[in-house]
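The values are calculated or read from the model by the stated rules, or taken from the named source; none is laboratory data. For clarity, every value in this text was computed on a predicted model and none was experimentally measured. Cβ: placed from backbone, ideal geometry, glycine included. Neighbour counts: every protein chain shown.
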């Protein structure tokens with residue numbers, strides 16, 4: 001796409017923290033929707049010159065919603081740089097915190113955004129307040145999980161956003177049995193409430209046939225590469241091999257050495273976005289094409305893994321696959337169900353860790369190791385693969401940093417997915433002068449399904465916040481800049 | 001009903017989530033204020049906000065990184081009666097302020113420089129970058145609520161101030177800097193004997209196994225407590241992680257870096273000055289690396305050091 | 001009028017300050033571009049004072065105190081000054097301000113000629129470095 005003109009502007013994307021917008025771009029033969037990310041904070045630059053053992057705390061500031069994901073993955077990278085294998089106890093602590101992070105983020109999205117969005121399909125306003133009117137008990141349960149999660153997090157990690165506890169080779173504090181006993185109680189309450197949300201979802205969205213109906217819409221379809229961590233083929237959120245499958249489900253690559261991620265992922269810079277567009281390197285960069293797009297996140301994880309651990313999670317996983325008719329699932333609306341599977345998985349995995357005696361015994365930090373120049377950390381943040389790649393000098397001062405966040409990777413996916421709608425959008429505007437309610441709803445639902453953490457959307461650039469009920473202010477602007485219609 | 005607007009600038013989302021998590025106190029505020037804009041919670045567009053003639057209280061989160069953000073911050077602030085800078089980025093620039101010494105293009109090049117693929121062309125109206133600044137560089141705010149993110153304590157104080165404003169109609173002695181007017185050490189849960197601290201040397205965070213009861217300085221670890229305003233309940237210290245100074249300096253207009261090196265001068269190797277002499281002392285001080293990232297991690301943009309650098313470049317009047 | 005360097009000099013009253021007095025009595029000539037400020041001890045000098053001096057127009061800051069290890073009237077105030085100045089200079093260098101603009105010197109009460117020499121040397125050095133404020137002339 002070497003020459004194109006700005007044809008329409010959807011500006012801004014509201015109810016998203018920060019500012020993003022959707023722009024439609026046309027050339028003579030094609031129409032594209034473009035998701036623009038618009039803030040600029042420069043974490044890769046500010047990391048230069050910093051002491052590398054301090055990077056986990058510094059880089060956690062990339063995101064105030066999934067700050068622990070950044071803190072943990074930064075810790076993994078500095079473990080490598082300092083040449084230290086983290087102690088078994090500290091690894092369990094970190095894994096536990098990772099599960100809490102994913103659980104928190106997923107529950108937030110599922111309860112406050114995903115559920116309302118899908119169950120209220122057909123209505124203009126699809127958010128928690130609307131759902132409150134119709135199903136107050138459900139909303140109460142959802143909000144109660146929020147406060148319980150905060151209590152749990154405060155108890156175990158103290159400062160909820162940007163707390164520091166990761167050091168090279170370990171963590172600064174561990175848990176004792178009393179704390180964990182209390183945490184288990186709270187987790188039990190969260191689990192019970194989650195069952196309510198689970199049942200509501202299955203009833204209203206799955207058994208009612210709504211999901212199948214929506215899943216038939218081509219607009220939500222994305223036949224792209226899927227990338228996720230696996231451990232022995234199992235869905236894995238902390239330590240695993242990078243598995244890439246193609247749109248037909250064939251394993252294209254499986255890389256145990258995470259530091260070789262750049263064999264799979266390349267980044268493209270475009271002038272209309274402060275975020276890069278990552279793509280599948282072997283395919284070569286093809287803007288807005290499924291052929292070089294990589295999807296990450298809950299749906300991708302469901303697709304790439306062969307199994308999900310945890311008894312209940314495994315059952316749910318099986319049911320999801322049966323309903324969808326097998327893998328890989330290409331319809332993004334299934335991401336909501338995938339999130340539910342992971343919620344159940346996280347709760348079961350947390351209980352497993354809390355039962356291990358190794359969580360309470362042993363060293364918290366390993367201070368022995370021979371430093372090396374480069375270190376890469378990879379883990380699964382709630383929204384997908386997160387990568388921190390650091391290089392340092394002989395005194396362990398950072399000389400460069402590279403951060404690829406899941407929403408950056410999905411930036412390309414969102415953009416590619418949006419093109420499936422822009423055709424009808426242009427048609428409607430040309431013929432009726434305004435997009436239909438339905439088209440707007442489709443675009444909203446599509447973006448919500450990705451759960452973009454616009455906070456992280458780029459290491460270079462920050463958009464704030466995480467997925468919120470997304471609705472758009474649509475504005476149609478002619479090439480001369482004249483506003484033709486505003487919605 | 002008074003009008004309250006919450007505006008995100010260049011944020012990470014932490015302050016938004018923190019504010020949204022205050023719980024029932026928010027309901028007290030909602031007795032007096034109607035929230036006319038708050039993207040994380042309320043479905044109102046910027047165009048709606050543009051139609052509002054006067055905003056009673058504006059809460060701004062995050063820094064300012066683009067021309068659009070700058071114009072918006074200025075425009076909305078000029079029609080707001082009470083302006084609140086929420087969060088350390090808004091008050092002091094925060095961690096992104098570490099890029100203050102570079103131009104936006106230099107920062108952008110770091111990302112562009114290692115891409116595998118470049119496309120030229122139209123920027124499609126992408127907003128222009130401006131040298132990064134804090135909200136307090138755009139306007140003079142009435143209430144400053146520091147913290148990364150602000151603690152429950154500071155948020156409670158903020159909401160109390162807003163309720164007071166609703167009742168009294170004015171803010172006493174601006175700007176109000178929330179938190180306690182003393183350093184963290186005074187209230188530190190490790191109860192240090194602040195007049196008898198002896199720092200045995202300079203150690204980096206990875207060089208020691210951290211003791212969870214002793215003052216960090218007494219372990220040779222740099223804790224920004226002495227130079228940081230007491231704005232929190234010390235969650236970091238309780239998690240056995242040293243304070244990194246996210247509350248900013250003790251007072252508005254203060255500087256965390258010069259304060260901290262003064263403190264270090266007071267406590268470093270105080271028992272062995274006369275045996276180590278200058279060569280021994282310099283040997284130890286030479287272990288200190290990255291003064292900016294250590295002492296100005298959150299406050300560089302508003303620091304005296306930044307002003308000094310601007311003066312050197314010929315920028316200050 | 002061409003630019004003249006403006007130096008703020010912090011002298012402790014017991015040693016360097018006393019030397020400055022004596023230099024006057026001895027009619028030793030030293031560069032008039034300095035503004036001496038007498039403090040009880042160099043240990044009182046907060047790095048913030050030094051930075052403030054620059055922000056308020058100084059092109060260089062000179063600090064004169066008692067010899068280590070034992071001349072300090074308050075035992076070890078001079079050691080505190082030494083550490084602080086050393087760190088401040090490193091910090092200045094990190095933002096591109098020449099650390100040579102801050103100089104610490106031990107000058108006893110009987111070393112008036114040394115004081116005169118140090119002042120002259122320092123003013124010359126600052127003249128060479130140029131004005132602190134970029135294009136101010």
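Here are the numbers:
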| quantity | calculated |
| --- | --- |
| Single condition residue B:218 does not satisfy, out of (1) in a loop (DSSP other than H, G, I, E, B); (2) more than 13 Å from every other protein chain (Cβ to nearest Cβ); (3) under 24 Å from residue B:286 (Cβ atoms) | (1) |
| Residue A:261 vs. criteria in contact with a strand residue (DSSP E or B) (Cβ under 8 Å, 6 or more places away or on another chain) and part of a helix (DSSP H, G or I) | yes |
| Search result, residues across region A:230-274 that are over 21 Å from residue A:291 (Cα atoms), within 14 Å of another protein chain (Cβ to nearest Cβ) and under 20 Å from the mean Cα position of the chain (by Cα) | A:274 |
| Members of region B:61-89 that are away from every other protein chain (no Cβ under 14 Å) and either out of contact with any helix residue (DSSP H, G or I) (no Cβ under 9 Å at 6 or more places or on another chain) or surrounded by fewer than 18 Cβ atoms within 10 Å (Cβ to Cβ) (or both) | B:74, B:75, B:78, B:79, B:80, B:81 |
| Filter pass, residue B:56 being outside the structural domain of residue B:299 (by TED's automatic domain parsing), under 23 Å from residue B:136 (Cβ atoms) and touching a strand residue (DSSP E or B) at 6+ places or on another chain (Cβ under 6 Å) | yes |
| Residue that is modelled with the highest pLDDT, among those in region B:1-38 that are at the interface with chain A (Cβ under 10 Å from one of its Cβ atoms) and more than 22 Å from the chain's Cα centre (by Cα) | B:37 |
| Test for residue B:257: is it within 7 Å of another protein chain (Cβ to nearest Cβ) and assigned to a helix (DSSP H, G or I) | yes |
| Qualifying residue in region B:139-149 (condition: outside the structural domain of residue B:233 (by TED's automatic domain parsing), surrounded by fewer than 22 Cβ atoms within 10 Å (Cβ to Cβ) and not in a loop (DSSP other than H, G, I, E, B)) | no |
| Residue in region B:266-280 that is away from chain C (no Cβ under 11 Å) and in a loop (DSSP other than H, G, I, E, B) present | no |
| Residues located in region A:284-313, provided they are in a helix (DSSP H, G or I) and either buried (at least 18 other Cβ atoms within 10 Å of the Cβ) or in contact (Cβ under 8 Å) with a residue 60 or more places away in the chain (or both) | A:298, A:299, A:300, A:301, A:302, A:303, A:304, A:313 |
| All strands (runs of 3 or more DSSP E) inside region B:42-109 with 2 or more residues being closer than 26 Å to residue A:270 by Cα | B:64-66 |
| Per-region count, region C:95-137, residues in a helix (DSSP H, G or I) and away from chain B (no Cβ under 14 Å) | 16 |
| Every residue from region C:41-81 that is outside any helix (DSSP H, G or I) and under 21 Å from residue B:198 (Cβ atoms) | C:41, C:46, C:68, C:69, C:70, C:72, C:74, C:75, C:76 |
| Set A:271, A:328: member being in a loop (DSSP other than H, G, I, E, B), surrounded by fewer than 24 Cβ atoms within 10 Å (Cβ to Cβ) and modelled with pLDDT of 95 or more | A:328 |
| Search result, residues across region A:437-472 that are modelled with pLDDT of 80 or more and assigned to a loop (DSSP other than H, G, I, E, B) | A:451 |
| Exclusive hit being more than 30 Å from residue A:209 (Cα to Cα), modelled with pLDDT under 90 and touching a helix residue (DSSP H, G or I) at 6+ places or on another chain (Cβ under 8 Å), set A:40, A:82, A:110 | A:40 |
| Qualifying residue in region A:157-165 (condition: in a helix (DSSP H, G or I) and at pLDDT below 95) | yes |
| Qualifying residue in region A:160-177 (condition: at negative phi and more than 13 Å from chain B (Cβ to nearest Cβ)) | yes |
| Condition check for residue C:2: assigned to a loop (DSSP other than H, G, I, E, B) and within 14 Å of chain B (Cβ to nearest Cβ) | no |
| Among (1) assigned to a helix (DSSP H, G or I); (2) away from every other protein chain (no Cβ under 11 Å) - the single one residue A:227 does not satisfy | (1) |
| Top-ranked residue of region B:285-299 - restricted to ones that are at the interface with chain C (Cβ under 9 Å from one of its Cβ atoms) and part of a helix (DSSP H, G or I), ranked as farthest from residue C:131 (Cα to Cα) | B:285 |
| Yes/no for residue A:336 being under 30 Å from residue A:402 (Cβ atoms), crowded, with 18+ Cβ neighbours inside 10 Å and more than 14 Å from chain B (Cβ to nearest Cβ) | no |
| Residues being out of contact with any strand residue (DSSP E or B) (no Cβ under 7 Å at 6 or more places or on another chain) and within 14 Å of chain A (Cβ to nearest Cβ) - total across region B:173-209 | 4 |
| Members of region A:149-185 found to be surrounded by fewer than 18 Cβ atoms within 10 Å (Cβ to Cβ) and more than 30 Å from residue B:95 (Cα to Cα), listed by number | A:176, A:177, A:178, A:179, A:181, A:182, A:184, A:185 |
| Any hit, region B:225-238, residues being within 13 Å of chain A (Cβ to nearest Cβ), more than 15 Å from the chain's Cα centre (by Cα), touching a residue at least 24 places away in the same chain (Cβ under 8 Å) and surrounded by 21 or more Cβ atoms within 10 Å (Cβ to Cβ) | yes |
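So that you can scan it fast, the table gives a plain yes or no per residue for (1) surrounded by fewer than 18 Cβ atoms within 10 Å (Cβ to Cβ); (2) free of Cβ contacts under 8 Å to residues at least 12 places away in the same chain; (3) within 28 Å of residue B:115 (Cβ to Cβ):
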{"site": "A:214", "(1), (2), (3)": "no, no, no"}
{"site": "A:218", "(1), (2), (3)": "yes, no, no"}
{"site": "A:246", "(1), (2), (3)": "yes, no, yes"}
{"site": "A:259", "(1), (2), (3)": "yes, no, yes"}
